[in-house]
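Report on one structure; see the data block that follows.
The values are calculated or read from the model by the stated rules, or taken from the named source; none is laboratory data. All of these numbers come straight from a predicted model, not from anything done at the bench. Glycine gets a Cβ as well: all are built from the backbone with ideal geometry, and neighbour counts include every protein chain shown. We work out accessible area using only protein heavy atoms, side chains counted, and drop any ligands, DNA or RNA first. Shrake-Rupley method; radii C 1.70, N 1.55, O 1.52, S 1.80 Å.
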Amino acid sequence: MAYVEINKSNISKNARHLLNLTGRAGVEMASVTKVVCGDPEIVSKIIEAGVREIGESRLENIDRIRKFGLSPAFLLLRLPSPQLYRKVVESVDSVLLSELKSLKALKELSEEMGRRLKFIYMVDTGDLREGVMYDRAFEELGEAAKIAGRSLDGIGTNLGFGGVIATPEKFEILLALGDRLRREDGIEIERYSAGNTASLPLIENGTLPRGINHYRLGESIMCGTDVTNSRAVPGTTRETFTLYGTVLELKRKPSVPIGEIGSDAFGRKPHFEDMGERLKAILDIGEQDVVPSGLTPMLEGCRVLHASSDHLIVDVTDCPEKLSVDDRIPFRMSYGALLRVMTSRYIAKEYRDLS
């Protein structure tokens, strides 16, 4: 049976390191747990590390965390449909949003329910993710302040979705908007939520503009990586999640299919390199469970070739370890691969406290 081994101690160490790093820069840190579907075993270790705010994108994950007996501050990263707005007000403390209509509805509902909900209004600084475009943000932020009043807790941005690198200039856009709102409208912005994992280099090299005071970190805590900047994050470990697939078949076969090549089941035209006959292992994981391109075999000489919905084919010809049917092959995962593994109900989760 395929399973993922989760090293809770190392995840906790990553969270503690990043909490210290951001804290020294005067930055509050929310730990984003959406990649693990709000897994409460993992969230509990992150809270033990000192994290006080959990960032989540789905109300179901927040319910899962609460049912485990945990009660951190919750930051909702993505609004659900309006039919669930009452649940939003009941469940979270702060929410990122980018539409005045949504803000008005949530503000009115929070007043009706007698619960204060804080809002961070998003500004698109060029990455083309959520938010009002920065060059026309001032007027919309002014309207947001009129609707939300003191509940407008901050303004934020996101970088990395479109591959845009975080630079001081991107964050200074937010600070300039906040300064103008203060000077012209008397609006005080408390939180400048500008950072994610891709923004960590600005703290590390001392170029984070003064005034940016909130980061939302997920990948660096869970994986110890920063894919936007193509690096491992200094001071963290990647030994957090290991996926194990079981060998179902082990046979020598040609490296190129025999017959005319069309598209695979996912509409892709596969490419095969003729390397003669190879020893191939078929494992009990597939596209339904993981992103195959995000897998790195941890056994020397193994190479991921291709996957169907429920089979992974690995070339093990050059592996010095003698493999047999029922043996397991371990894999390190990218953020995208981890996301699908933790979402799959077919992959067992096994928790470890390993140093």
* To do: Within segment 5-51, track down each residue that is part of a helix (DSSP H, G or I), small (Gly, Ala, Ser) and open to solvent by 30 Å² or more (accessible area, probe 1.4 Å).
  => 23
* Quick check: anything in segment 225-238 touching a residue at least 40 places away in the same chain (Cβ under 8 Å), closer than 18 Å to residue 316 by Cα, not charged (D, E, K, R) and not in a loop (DSSP other than H, G, I, E, B)? -> no
* To do: Looking at (1) closer than 30 Å to residue 94 by Cα; (2) within 16 Å of the chain's Cα centre (by Cα), find the lone condition where residue 230 falls short.
  => (1)
* Search segment 52-108 for residues being part of a helix (DSSP H, G or I) and among the acidic types (Asp, Glu), and hand back the single one that is least open to solvent (accessible area, probe 1.4 Å). => 63
* Asked: Of all residues in segment 248-278, which are assigned to a strand (DSSP E or B) and among the basic types (Lys, Arg)?
  -> 251, 252, 253, 278
* Asked: Can you tell me which of 256, 325, 247, 314 is open to solvent by 70 Å² or more (accessible area, probe 1.4 Å), in contact (Cβ under 8 Å) with a residue 12 or more places away in the chain and farther than 24 Å from residue 35 by Cα?
  -> 325
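Any chance you could count how many residues in segment 123-148 are more than 13 Å from residue 189 (Cβ to Cβ), part of a helix (DSSP H, G or I) and in contact with a helix residue (DSSP H, G or I) (Cβ under 8 Å, 6 or more places away or on another chain)? Working first, answer last.
First, pick out the residues of segment 123-148 that are more than 13 Å from residue 189 (Cβ to Cβ): 124-136, 139-140, 143, 146-147.
Filter once more, keeping what is part of a helix (DSSP H, G or I): 134-136, 139-140, 143, 146-147.
The next check asks that each one be in contact with a helix residue (DSSP H, G or I) (Cβ under 8 Å, 6 or more places away or on another chain); those that pass are 134, 140, 143, 147.
Residues flagged as more than 13 Å from residue 189 (Cβ to Cβ), part of a helix (DSSP H, G or I) and in contact with a helix residue (DSSP H, G or I) (Cβ under 8 Å, 6 or more places away or on another chain) within segment 123-148 amount to 4.
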* Can you pull out the residues in segment 319-355 that are out of contact with any Asp or Glu (no Cβ under 8 Å at 6 or more places or on another chain), in a loop (DSSP other than H, G, I, E, B) and within 28 Å of residue 278 (Cα to Cα)? -> 322, 323, 324, 326, 327, 334
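Out of curiosity, is residue 169 closer than 22 Å to residue 228 by Cα, assigned to a helix (DSSP H, G or I) and either in contact with a Gly (Cβ under 7 Å, 6 or more places away or on another chain) or open to solvent by 50 Å² or more (accessible area, probe 1.4 Å) (or both)? Steps first, answer last, please.
On the way: closer than 22 Å to residue 228 by Cα: yes; assigned to a helix (DSSP H, G or I): yes; either in contact with a Gly (Cβ under 7 Å, 6 or more places away or on another chain) or open to solvent by 50 Å² or more (accessible area, probe 1.4 Å) (or both): yes.
When the stated conditions are applied, residue 169 passes them.
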* Asked: Between residues in segment 22-49 that are under 18 Å from residue 156 (Cβ atoms) and residues that are surrounded by fewer than 19 Cβ atoms within 10 Å (Cβ to Cβ) and of a type in the set (Asp, Glu), which pairs lie under 9 Å by C-beta distance while being six or more apart or on different chains?
  -> 22/28; 28/53; 29/53; 30/53; 31/53
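Can you work out which of the residues in segment 109-126 that are under 29 Å from residue 163 (Cβ atoms) and in contact (Cβ under 8 Å) with a residue 40 or more places away in the chain is most open to solvent (accessible area, probe 1.4 Å)?
First pass over segment 109-126, keeping only residues under 29 Å from residue 163 (Cβ atoms): 119-126.
Checking which are in contact (Cβ under 8 Å) with a residue 40 or more places away in the chain leaves us with 120, 123, 125-126.
Working: 120: 0, 123: 0, 125: 0, 126: 28 Å².
The selected residue is 126.
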* Report, by residue number, each residue of segment 301-318 that is touching a Gly at 6+ places or on another chain (Cβ under 8 Å), assigned to a loop (DSSP other than H, G, I, E, B) and hydrophobic (A, V, I, L, M, F, W, C). => 316
